[in-house]
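Read through the structure below, which is laid out as structure tokens, and then see the notes.
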Amino acid sequence: MYAPMDVEGQEYFIKPMNCPFHIQIYRSRTRSYRDLPIRLAEWGTVYRYERSGVLHGLTRVRGFTQDDAHIFCRPDQVEDEIGRVLDFTLHILRSFGLTDFRAYLATRPEKAVGEPARWEQATEALRRAIEAHGLAYEVDEGGGAFYGPKIDLKIADALGREWQCTTIQFDFNLPERWDLAYVGEDGKEHRPYMVHRALLGSMERFFGVLIEHYGGAFPVWLAPVQAVLIPIADRHLDYCYQVAERLREAGLRVEVNASKERMGAKIRDAQLQKIPYMLVVGDREVKGGNVAVRLRTEENLGAISVDAFIAMAQEAIAEKRSL
């Protein structure tokens, strides 16, 4: 058991990174070249001591959750694996509407472990993957970790500041330290390549960048609450709850504002929360089986049927658009 450390009046204990646990899984039995690649992933909790002066909202914290994964592969599989990871990364970032990012290729520092030939192969595999995907990139000469080259994707926030999110990192240290091996086609033991990858980087930082990117006005598919029903009077509440149930059955995230506030205040509250759809219900809507649709952009679409609203919202969700 490690002794606790005092950091700014708080007790801390040392925790290893997630990598050794995945390595232990790899080492749990003899591996053949036919078994590779082996890809292991988890949502792992990670801690880093950041000085008080650099802590920054969700984007720089001391404890965070990382979409941590490790790929164990043969040398001849490296390029395909890097390409797959980059495909996955770009699909995720673009699905969230994030397109303002830049790639950085970090190369071998002066002090490094691993054979130079392996460094060269790994660095060129990373370079070819970036270029094959048509990404603009900069070379960070000597900026790699001592144990391997890497690709970093940095996303710009609303102020143009870059935040590192995606990392694709080779590691020539841990396979040596842990004596990792696989049995090759020649019947001899060979050292596998090990690649660390985190697509989002950390959930906390990714959400921080995402909130700033959209200014809180998420596209419909991402909005925590997609629609709010606003009754004009208490007598319209029952109908609102009936409609809310229909919307939930259609897969929408919906709330009913049953507060005693005036209708105007309820609409302002929904706009401040940046809820995409405000569905106002009065006598005419109850009688006609409709809802009066207002958008957070203050556009008034008027009364439409509940089915028509469901179709409109589902279309916006399917197309991942704002409204």
Discussion item. For a Förster distance of 45 Å, can you work out the FRET efficiency between the beta-carbons of residue 250 and residue 40, rounded to the nearest 0.05?
Written reply: 0.75
Discussion item. I'd like the distance separating the alpha-carbon centroids of region 187-230 and region 264-280, in whole Å.
Written reply: 27
Discussion item. For a quick check, take a GNM of the chain with Cα springs below 10 Å and name the residue from 173, 18, 300 with the largest mean-square fluctuation.
Written reply: 300
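In the chain, which longest range has no chymotrypsin sites (Phe, Trp or Tyr not before Pro) that are both DSSP loop (not H, G, I, E or B) and surrounded by at most 10 other Cβ atoms within 10 Å? Intermediate values should be presented prior to the final figure.
On the way: sites that count: 2, 13, 49.
Counting at most 10 other Cβ atoms within 10 Å as exposed, the longest clean stretch of the chain is 50-323.
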Item to complete: Please give every one of the lysines within straight-line cross-link reach of residue 15, meaning a C-alpha to C-alpha distance under 29 Å, and leave out same-chain neighbours fewer than 8 residues apart.
Response: 111, 150, 154
Worksheet entry | Euclidean distance between Cα centres, region 110-184 to region 1-56, Å | 19
Item to complete: Identify which of 265, 122, 156 has the largest mean-square fluctuation in a Gaussian network model of the chain, with springs joining Cα atoms closer than 10 Å.
Response: 265
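Got the relative contact order for region 227-318 handy, in percent, Cα pairs under 8 Å and 6 or more residues apart? Could you put the intermediate results ahead of the total?
Working: 129 pairs, mean separation 25.4, N = 92.
Over region 227-318, the number comes to 28 percent.
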Worksheet item: What is the helix-to-structure angle for 237-249, meaning the angle in degrees between its Cα long axis and the longest Cα principal axis of the chain, kept from 0 to 90 and rounded to the nearest 10?
Response: 30
Worksheet entry | Sorted by Cβ neighbour density within 10 Å, fewest at the top, the residues 90, 126 | 90, 126
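Express the relative contact order of the chain as a whole percentage, based on alpha carbon pairs under 8 Å and six or more residues apart in sequence.
Relative CO of the chain lands at 14 percent.
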Discussion item. Connecting C-alpha atoms closer than 10 Å in a GNM of the chain, tell me which of 130, 25, 82 has the biggest fluctuation.
Written reply: 25
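Helix-derived [θ] at 222 nm for the chain: sum -39500 (n - 2.57) over DSSP H runs of at least 4, divide by residue count, nearest 500?
On the way: 9 runs with 101 residues, N = 323.
Per the formula, -9500 deg cm²/dmol.
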Response to the item:
For the chain, one quarter of the surface area of the C-alpha convex hull, expressed in nm², comes to 22.5
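A short reminder: the numbers here are calculations on the coordinates, not readings from a lab. Small disclaimer: the values here were computed from a predicted structure and weren't measured. Quick reminder, even Gly has a Cβ in these numbers, built from the backbone with ideal geometry, and neighbours come from all protein chains shown.
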